[in-house]
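Asker: The following block contains the structure, expressed as structure tokens.
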Ligand code: Q9C
Ligand code: ZN
């Protein structure tokens, strides 16, 4: 049973996203096949969307790959050449913790293309908002090397293409994956027209990035916001960061389009992160971003999928986000809703202290609501 949708929500995925391979050979005695970033959890999101019937209330979008010229808006030609060569000869490593199999570049171009298609459909007004369930992820990929399972900077490339070809002006990129959104930070560090905000677990990955003091430079000074929350943070810390940083900063910036790098690895069961979020909380954060976008830019909101490594939990987080985007409700009960009852969900002093610091560095204390 699904209650009818209140909004037109685009949903994009593709079978080819689920055959991309990221296994690492870890060395002697450790067998092959070990990987954190696997198709399973993400495929289950798509399956749940189908088995619940939610897909009938969503607008199906289909990806086309980005082209080389699109990649070169951010990546270096040398890096793209190297990926082309490896992809054609059985795969290899794009950089740091970024193994891929044969044809991996083509899948990455389709992942970036799927992200762009979600953005395009929103900007064109074909849908109110959209979610691209893509693989491989993109937010760690840097100009000249792949990092953290990411070959190409999906959302960065989509934002650059939308600005170049669709006449999109001011863009917010909000990243709630538990790891730092270093790729978008690098791409837009000196750009005053793209506000990048990353909420992440302090010094998780990449280890030495995502610091509060990294605020952008030159014309882009102030347009990069890092909120490195302490490991162990739950709903209270995220809501505090939204109320005192994300919402005032986005209002002050006044975007034409809001984009989200959505990972579910801040979920309470994730093997790579140590945060506590429940599926319901991802829904709440989605609602907050949706209302911001409705207030500021006609609701134009597109999300792309990044990390999330609990095969058990991520599907329920994904379903909850899609329900919130569309306003349709399924009858699926989250088996992990007990997370919401953890006392550690409450805001703690050492967490609000980090938010205080960000508020001070970015002068957000005096920004008022609508
Ligand atoms: N070797 C994303 O969530 N380090 N990437 C994991 C195990 C890399 C995460 C530690 C984490 C990258 C898209
Ligand atoms: Zn992540």
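Quick note: the coordinates plus some simple rules give every number you see, no bench work behind them. Being a predicted model, the structure only gives us computed values, none of them experimental. Every residue, glycine as well, gets a Cβ built from its backbone with ideal geometry; the counts of neighbours run over all protein chains shown.
Asker: Any chance you could list P(r) for the stretch 83-193, counting all Cα-Cα pairs in 5 angstrom bins from zero, rounded to whole %?
Answerer: Percent of pairs per bin, in order: 2, 13, 21, 23, 19, 12, 7, 2, 0.
Asker: Test of understanding: ordering 25, 99 by Cβ neighbours within 10 Å, fewest first, what list do you get?
Answerer: Going from sparsest to densest Cβ surroundings: 25, 99.
Asker: For the chain, evaluate the Debye formula with one uniform point scatterer on each Cα (no solvent term) and list log10 I(q)/I(0) at q = 0.15 Å⁻¹, rounded to two decimals.
Answerer: -1.36
Asker: Here is a further query. Report the far tail of the P(r) of the stretch 56-148, meaning the percent of Cα-Cα pairs longer than 23 Å. Before the final figure, lay out the partial values.
Answerer: Details: 1147 of 4278 pairs.
That tail contains 27 percent of the Cα-Cα pairs.
Asker: Which whole-angstrom value gives the distance between the alpha carbon centres of the stretch 220-238 and the stretch 156-182?
Answerer: Taking the Cα centre of each part, the stretch 220-238 and the stretch 156-182 sit 18 Å apart.
Asker: Can you list, largest first and rounded to whole Å, the semi-axes you get for the stretch 222-370 by taking the square root of 5 times each eigenvalue of its Cα gyration tensor? Show your work: numbers first, answer last.
Answerer: On the way: eigenvalues 120, 81, 31 Å².
For the stretch 222-370, the ellipsoid semi-axes come out as 25, 20, 13 Å.
Asker: Additional query: So what is the calculated 222 nm ellipticity per residue for the chain, using -39500 (n - 2.57) for each DSSP H run with n of 4 or more, over all residues, to the nearest 500 deg cm²/dmol?
Answerer: Mean residue ellipticity at 222 nm (helix-derived): -10500 deg cm²/dmol.
Asker: Let me ask something else. To one decimal place, what Kirkwood hydrodynamic radius in Å is obtained for the stretch 278-354 from all pairs of distinct Cα atoms?
Answerer: Working: mean 1/r = 0.0710 Å⁻¹.
Answer for the stretch 278-354: a Kirkwood hydrodynamic radius of 14.1 Å.
Asker: Same structure, new question: Counting other beta carbons within 10 Å of each Cβ, put 51, 98 in order, fewest first.
Answerer: Ordered from fewest to most neighbouring Cβ atoms within 10 Å, 51, 98 come out as 51, 98.
Asker: Would you kindly compute the Cα radius of gyration of the stretch 97-151 and its largest Cα-Cα separation (Dmax), both in Å?
Answerer: Cα only, the stretch 97-151: 12.7, 38 Å (Rg, Dmax).
Asker: What per residue convex hull volume, in Å³, do the alpha-carbon atoms of the stretch 183-268 yield?
Answerer: Spread over its residues, the Cα hull of the stretch 183-268 gives 96 Å³ apiece.
Asker: Give me the log10 of I(q) over I(0) for the stretch 184-230 at q = 0.23, 0.32 Å⁻¹, as the Debye formula computes it from C-alpha points; what are the numbers?
Answerer: For the stretch 184-230 at q = 0.23, 0.32 Å⁻¹, log10 I(q)/I(0) is -0.71, -1.12.
Asker: Considering Cα pairs under 8 angstrom that are at least six residues apart, work out the relative contact order of the chain and quote it in whole percent.
Answerer: Dividing the mean separation by the residue count of the chain yields 20 percent.
Asker: Over the stretch 141-245, with a single point scatterer placed on each C-alpha, what log10 of the ratio I(q)/I(0) does the Debye formula yield at q = 0.20, 0.21, 0.22 1/Å?
Answerer: Log10 I(q)/I(0), no solvent term: -1.05, -1.14, -1.22.
Asker: Once you have the Cα-Cα distance between residue 350 and residue 73, take 0.36 nm times their residue separation minus that, and quote the gain in nm to one decimal.
Answerer: 95.7 nm
Asker: Moving on. So what is Rg over Rh here for the stretch 1-83, counting just Cα atoms and using Kirkwood for Rh? Write out the running numbers ahead of the final one.
Answerer: Numbers: Rg = 18.2 Å, Rh = 16.4 Å.
On the Cα set of the stretch 1-83, Rg over Rh gives 1.11.
Asker: While we're here: For the stretch 291-370 and the stretch 246-273, what is the separation of their Cα centres, given in Å?
Answerer: 7
Asker: If contacts are Cα pairs under 8 angstrom and at least 6 residues apart, what is the relative contact order of the stretch 1-72 in percent?
Answerer: Relative contact order comes out at 46 percent.
Asker: Under 8 Å for C-alpha pairs, at least 6 residues apart: give me the relative contact order for the stretch 6-120, rounded to a whole percent.
Answerer: After rounding, I find 34 percent.
Asker: Within 10 Å of each residue's Cβ, count the other Cβ atoms and sort 144, 15 from fewest upward.
Answerer: 15, 144
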